[in-house]
Amino acid sequence: MNDLPLIIDDRETPKFWVNRKTMIAQDILDQERAEIFDKCWLYVGHESELPNVNDFRTRRVGGRSIIFTRGRDGEINVLVNTCPHRGMEVESRASGNGRLLRCFYHGWAFNTAGDLVSMPDEESYPDGWSKAERCLPRPAYIDSYRGFWFLCWDTAQKQSLYEYLGAATDFIDLIADQSETLMQVAPGTHLYSMKANWKLLVENSIDGYHAMTTHNRYIQMVTASGVDMKSRMGETGNSNDPAGGLDLGNGHAAVANVDMSGGDYAGTLSRQFPDAEAVALHRQRREGLIARYGERWTNRMLGGRNVLIFPNLMLIDLGMGCTIRTFYPDEPGYMEITAWELSPPEMDDHLLKLRLSDFLTFWGPAGLATPDDVEALERCQRGFRATGVDPWNDLSRGMGKRRPKGDEELQMRTFWRRYNELMTGEVSKPEVEVYRRVVRETAA
Ligand code: FES
Ligand SMILES: [Fe+2]
């Protein structure tokens, strides 16, 4: 593989290039696993997925199989899904509820806090052998922020989750504040895969530049519902609040919009509301949020945002729906993606139905946006076969600007600089002023 650097970050010209070997090389993926996925805080799941005592959900986080549970004491646990007897994945179901997680190989049974409770023929174990030493293992750390649970595999991790998230907590607040109780993951999970490198989906999830071309068919559909897209886009830029491409620190980044419409639509990319009832309900919801948080924060909340929590959690809240998306590379050119929809549980049924319909229309695996993105990223991956001829991707859009726009590429450069730091130890200065937490009187 070429000996060229992973990135060229030339502030003079300026230009920003990314080496395509990062997309195709197995040794790079091995290093990413060691330096990124085994060290960073990684998203596990949302608290609303476990409403009842003894609920559990299985998934992979950072390549390892885990069981996300609510124990009988009501506490959240993350257990590693490997039997301490001889290694089998203990729980194979995607979700369920039960007092015991039973390994079907030899019948060891664990409670939802991971304690080994019983096994067949316990008497055969020698004196001094202890069940307490054979619980389901746990990650080094788990913690949550406003219902979003994370783990860290690294016993040497010095940063708490709150420190790790830094100012990105504001962008989680902008989502979590939309419910007076706890935002709610809708039943069902989207599981799909792509023959593409995982970092292409990081870039794509915060890429404002591709919307008009890649998703042209979707934009046509929105326009046909009676929307003037140009004036909508113009409105969102008309604000002094943080908008456009943002560096949130620690590799986290966002593309943010501010809703300056006064409540005319659910989100910049949403269809026209189909009836007067929906408009009235949306305005009513907006008034309720203004009463709680003030107009400024509400306009930011309803404006929507695509947020990257480094390295592989995307929170994409476009007002008309909010998706939680995470993914993990099995191979340099293959990843599996998991996505959920998040809604305020108190939302009126009529609005909620429209929201879920918009969500499926845009983000569904067979919707009008996701298949376009899959096609685009898989074709990038195929294009990388020519890496020997041209090893560089170009991410220079908006470089050198003090306030880059959302359809420029500051947010992606932010990811790549942190990536390069973790992979090579070279520290780079931020390109623009890093976003700082807003002090709010109504902060939750
Ligand atoms: S491997 Fe689980 S009981 Fe033997
Ligand atoms: Fe897209």
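Counted as qualifying within segment 202-308 are the helices (runs of 4 or more DSSP H) with 1 or more residues that are without any contact (Cβ under 8 Å) to a residue 60 or more places away in the chain, of a type in the set (Val, Ile, Thr) and assigned by TED's automatic domain parsing to the domain that holds Arg397, namely 211-214, 216-224, 276-293, 295-303. Could you check segment 72-123 and list, in sequence order, the residues that are under 25 Å from the mean Cα position of the chain (by Cα) and small (Gly, Ala, Ser)? Answer for segment 72-123, where residues must be under 25 Å from the mean Cα position of the chain (by Cα) and small (Gly, Ala, Ser): Ser92, Ala94, Ser95, Gly96. Whenever a residue of segment 419-435 is more than 18 Å from Arg11 (Cβ to Cβ), its partners that are among the acidic types (Asp, Glu), lying with C-beta atoms within less than 6 angstrom and at least six residues away or across chains, give the pairs Leu422/Glu35; Met423/Glu35.
Filtered by the rule that a residue be assigned to a strand (DSSP E or B) and surrounded by 18 or more Cβ atoms within 10 Å (Cβ to Cβ), segment 77-101 gives Asn77, Val78, Leu79, Val80, Leu101. The condition of being out of contact with any helix residue (DSSP H, G or I) (no Cβ under 9 Å at 6 or more places or on another chain), more than 16 Å from ligand 2 (Cβ to nearest atom) and in contact (Cβ under 8 Å) with a residue 40 or more places away in the chain holds for only one of Val18, Val44, that being Val44. For segment 171-220, how many residues are away from ligand 2 (no atom under 14 Å from the Cβ), buried (at least 17 other Cβ atoms within 10 Å of the Cβ) and of a type in the set (Asp, Glu)? Qualifying residue count for the region: 2.
Taking the listed residues Tyr192, Tyr125, the one that is of a type in the set (Phe, Trp, Tyr), out of contact with any helix residue (DSSP H, G or I) (no Cβ under 6 Å at 6 or more places or on another chain) and under 23 Å from Phe310 (Cα atoms) is Tyr192, with no other qualifying. Pairing each residue of segment 371-385 that is assigned to a helix (DSSP H, G or I) with any residue that is loosely packed, with under 13 Cβ neighbours inside 10 Å and of a type in the set (D, E, K, R), provided the two are 6+ apart or on different chains, yields C-beta distances under 8 Å for Asp372/Arg217. Residues that are crowded, with 21+ Cβ neighbours inside 10 Å and not aliphatic (A, V, I, L, M) within segment 150-168 comprise Phe150, Cys152, Tyr164, listed in sequence order. Counting the residues of segment 205-221 that are touching a strand residue (DSSP E or B) at 6+ places or on another chain (Cβ under 9 Å) and of a type outside the set (Asp, Glu) gives 3.
The values are calculated or read from the model by the stated rules, or taken from the named source; none is laboratory data. These figures come from a predicted structure and were not determined experimentally. Note: ideal-geometry Cβ built from the backbone for every residue, glycine included; neighbour counts use all protein chains shown.
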